[in-house]
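One structure is given here, and the rest of the page talks about it.
The values are calculated or read from the model by the stated rules, or taken from the named source; none is laboratory data. Here the structure is a predicted model, which is why all the values come from computation and not from measurement. No Cβ is skipped: glycine too gets one built from the backbone with ideal geometry, and neighbour counts run over all protein chains shown. Calculation scope for accessible area: heavy atoms of the full protein, side chains included, ligands and nucleic acids excluded. Shrake-Rupley method; radii C 1.70, N 1.55, O 1.52, S 1.80 Å.
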Amino acid sequence: MTGRRVLLDGRPVVLLEQALGSGLEAAVHPVEGTDDLVVKVYHQPDAAREHRLRRMLALNPLAGRPVDGGQPPELAWPVGLAYGTDGGFLGYGMGRFAGPEHVQLMALFNREQRLRRFPAEADWRFLLGICWNLAFMTARLHHEGLIIGDFSAKNVVVDQRGFATFLDCDSIGFAAPGTGETFPATLHTPDYAAPERLRGEPGSVPSDDFALAVLVYQLLTAGYHPFGGVPRDSEDDVQISDNITASRSFVVRPEAMIIPRGLVDPAVLPPAVLALARQAFGSGLLDTAQRPSSQQWLAALEESRAEGAITICPRRPRHAHGAHLARCPWCDRADETGHDAFNAPEQTPQPPPTGSPPVPEPLSPGPVIHGVTPPLPAHPPGQQAAPSDGNDPWSDWIKPLLIGAGVVLFFLLRFHWGV
Amino acid sequence: MNPAIPGPPTTQPQGLPAAYADIELGNNAQRLPLLLCLDISSSMAGEPIRLLNEALTLWGREIQEDVGLSSSVEIAVVTFGGAGIGVWQGPSLLDPRTTASPFVTAHQFRPPQLTASGVTLLTEAVETGIRLVAARKTELRRSGLQYYRPQICLVTDGLPTDSQGMATDAWRRLVPVLAAEQGAKRFRFYAFGIGGISERGQQVLRELAPKYHATLKGFPFRDLLQTMSASASAEQQGAEEETFEQLFNRFKTQRSAWDS
């Protein structure tokens with residue numbers, strides 16, 4: 001099967017016919033003979049996109065920062081423009097961040113996907129580390145003057161160590177240095193769109209902060225969207241974006257709605273994080289000045305990851321929780337509901353509802369140890385690399401913190417990976 | 001735990017009616033009910049039904065690999081043929097008296113093994129589909145779960161018949177219902193004519209699904225099911241109506257030489 005010949009940055013390459021993914025605007029094709037490059041081909045390439053991408057190529061955000069230890073870049077930034085053999089603009093090349101190594105964030109929102117696609121020891125601590133990485137990535141991009149815009153659980157992939165990479169960089173909002181041109185971020189995903197974006201405004205720092213708040217909330221509470229749930233008085237179809245527009249969040253006003261069944265108590269969030277969530281989904285929802293910034297999230301998450309802030313439950317594997325809780329919330333939930341958010345069910349199938357044939361049990365990814373198990377070795381996810389630019393005012397406060405965390409991480413990883 | 005926050009713990013799971021117990025507790029993805037309404041009447045016997053079974057198996061695996069769809073899309077199958085209407089929950093034919101929902105999350109979906117025979121109760125099958133989708137939405141809503149606009153996908157190679165196998169115009173009663181339901185954005189209805197569907201058969205589909213009907217040469221079930229996946233992804237991304245039309249337009253590239 002021969003694929004399409006294109007010129008990528010002037011160099012002839014062959015695209016494989018089978019797309020890795022196809023969306024509303026483009027399809028992403030692998031490049032023959034290489035595992036680390038893909039080409040995003042627009043369904044309707046136009047001059048405006050070409051111009052925008054040219055300006056992006058002149059930027060090189062985050063170039064100065066280290067990606068030691070095999071950390072993937074935080075952005076799948078364009079590496080070159082792609083043209084057809086007839087000279088027509090097609091799209092752009094970028095690094096390949098595909099499965100199974102890189103997985104869309106949404107896979108962490110439910111147990112089956114998490115067990116299937118992530119390391120066996122992925123627990124709440126791992127999720128907390130990913131939240132930190134997302135907050136770091138957001139803060140770093142904002143510091144560079146970039147607006148993520150279409151920040152969603154589909155547009156971010158994380159690798160097996162929890163490093164985050166943002167994929168669709170062509171929608172990022174930026175200003176071209178020198179020319180004074182601005183390229184707003186116009187795309188959004190409704191479930192992650194702040195109210196002002198749902199009203200049609202382009203992406204902004206506060207709208208990215210809103211998406212970050214939603215993602216952090218989902219990651220730390222087994223996937224519950226803070227604007228999930230259905231208003232009591234409604235018989236119509238209600239979308240998450242309707243709840244966002246109407247300021248209906250169970251985190252702030254649980255009495256107003258039918259909350260999603262089996263809801264995880266928001267109090268599983270460490271106090272500093274819960275306070276930010278209440279602010280982001282309460283007063284900061286409509287008033288962007290009150291919306292917590294990525295730096296505030298980063299600080300709260302740092303505090304939640306600090307030494308002694310996390311308790312490992314001795315009773316069940318993969319149960320970790322904030323030390324602010326005296327009891328393991330995951331064990332309590334498993335005892336109350338029969339559902340363990342981190343461990344696959346026992347292999348004895350539940351009796352089916354009367355009159356219905358049995359539903360096949362999903363395939364278990366491997367044997368699960370039940371009962372008392374010693375805690376697994378410390379396994380924090382990888383931490384996004386710190387900025388290295390010494391003139392960077394932003395790095396002043398975060399640097400000592402990161403160096404400390406980095407040293408600890410280095411020894412932990414050495415121990416864990418047996419390097 | 002903070003007592004001020006009315007959490008789920010003590011009452012909710014137990015308070016759920018038994019019929020909702022099949023809504024996975026560990027899966028909080030916004031659901032997208034997808035109902036396949038499949039013709040398995042006698043004209044589908046042999047190669048076509050074999051291809052359909054094979055395509056359902058492959059597609060089932062494919063959709064499980066898709067992180068975005070596997071936890072969100074809920075699949076139910078309604079067949080018409082054989083002794084009448086069959087409602088399937090994954091591989092199992094449901095007892096007509098059951099209250100259990102036929103919808104199964106994509107990551108748990110195992111396809112049924114279908115055999116072809118009997119008449120084409122298309123009208124009744126579509127009505128069953130509409131009813132099941134409405135019931136599912138109520139179940140999800142009562143569980144506090146959101147859903148995207150459901151999709152109903154009708155696939156047939158023939159003309160609607162009554163239970164005696166005689167061609168009937170009963171399908172005409174579906175036209176206003178489908179128009180009203182879709183006008184209220186309650187679901188999207190897609191109709192595919194396959195195999196050697198007659199001009200009259202195609203006309204039925206055109207009237208049932210004025211925008212979203214297509215006639216496919218042969219039995220490209222995989223292609224058709226992949227279009228359902230693409231439509232589901234588009235729905236999740238909040239796509240505009242024209243995107244869904246584009247998805248269908250590619251099926252309309254081959255036209256009769258007599259068409260303008």
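Some points to look at:
- Taking amide H atoms as placed 1.01 Å from N in the peptide plane, the amide H of B:GLN89 lies under 5 Å from those of B:LEU94, each 5 or more residues away in sequence or on another chain.
- Gyration tensor (alpha-carbon) shape descriptor, region A:1-96, a/c threshold 1.5: oblate
- Rounded, prolate or oblate (a/c below 1.5 giving rounded, otherwise prolate when a/b exceeds b/c) for region B:121-260 by Cα gyration tensor: oblate
- Sulfur and carbon atoms: percent of accessible area, region A:1-96 [1.4 Å]: 49 percent
- Helix B:174-183 and the long axis of chain B differ in direction by around 50°, with both axes built from C-alpha atoms.
- The C-alpha atoms of chain B define a longest principal axis, and helix B:199-208 lies at about 30 degrees to it.
- Residue among B:VAL177, B:VAL67, B:VAL133 with the largest mean-square fluctuation in a Gaussian network model of chain B, springs linking Cα atoms under 10 Å: B:VAL67
- Nonlocal Lys pairs with alpha-carbon distance under 18 Å, chain B (8 or more apart, or different chains): 4
- Spherically averaged projected area in nm², based on the convex hull that wraps the Cα atoms of region B:30-251: 11.0 nm²
- For region B:231-245, 3J(HN,Hα) per residue [Karplus equation, 6.51 cos²θ - 1.76 cosθ + 1.60, θ = phi - 60°, Hz, x = Gly/Pro]: 5, 5, 4, 4, 4, 5, 8, x, 5, 7, 3, 5, 4, 5, 5
- Selection among B:VAL204, B:VAL133, B:SER163 by position relative to the dipole of region B:30-251 gives B:VAL133 as farthest towards the positive end (Cβ unit charges, Cα centre).
- Chains A and B together, accessible area buried on both sides, 1.4 angstrom probe, square angstrom: 4600 Å²
- Applying the Kirkwood pairwise sum to the alpha-carbon positions of region A:89-240 produces a hydrodynamic radius of 16.6 angstrom.
- Annotation: the antiparallel percentage among DSSP beta bridges lying fully within region B:30-251 is about 30.
- Region B:99-148, accessible area per residue, ligands and nucleic acids excluded (1.4 Å, Å²): 29 Å²
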